[in-house]
Amino acid sequence: MNQMLLNYSYLQILDFLTTIAFLVNGVKEANPLVRYALAAGPSPIGGLIAVKIAAVLLGLYCWRMGRQRLLGRINVLFAIVIAWNLIALIVGTVALKAL
């Protein structure tokens, strides 16, 4: 399997975990499609799992269709999103402890 597709899948797992961390800490999902899936699914976790399965299938489709450049750009985007999520979680946790 292509390294780019493995990276994409790994980033999807990290995004899943940071989303769970946000939900556990009472932060609302910003993405309206994911927010809908969280509400429409059998449970919020089930809805999030469905979204991530669909995302991995889209990544697999891009890889199979030779859209390596697109997959690389999406990887960069998700790496930035995950870094942002982690920074927000850290800052939020530090701010709460300071109170």
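The values are calculated or read from the model by the stated rules, or taken from the named source; none is laboratory data. The structure presented is a predicted model; accordingly, all values stated were derived computationally and were not measured. Cβ: placed from backbone, ideal geometry, glycine included. Neighbour counts: every protein chain shown.
Mind checking which pairs have a first residue in the range 25-48 that is within 27 Å of residue 97 (Cα to Cα) and a second that is of a type outside the set (A, V, I, L, M) and buried (at least 17 other Cβ atoms within 10 Å of the Cβ), Cβ under 7 Å, 6 or more apart or different chains?
29/19
Inside the range 21-99, counting only helices (runs of 4 or more DSSP H) that do not spill past its ends, which hold 2 or more residues that are surrounded by 11 or more Cβ atoms within 10 Å (Cβ to Cβ) and at pLDDT below 90?
68-98
Give the range 12-49 a look and list any residue that's among the aromatic types (Phe, Trp, Tyr) and under 13 Å from the mean Cα position of the chain (by Cα), or say none.
The initial filter retains those residues of the range 12-49 that are among the aromatic types (Phe, Trp, Tyr), namely 16, 22, 36.
Listed by number, the residues that qualify are 16, 22.
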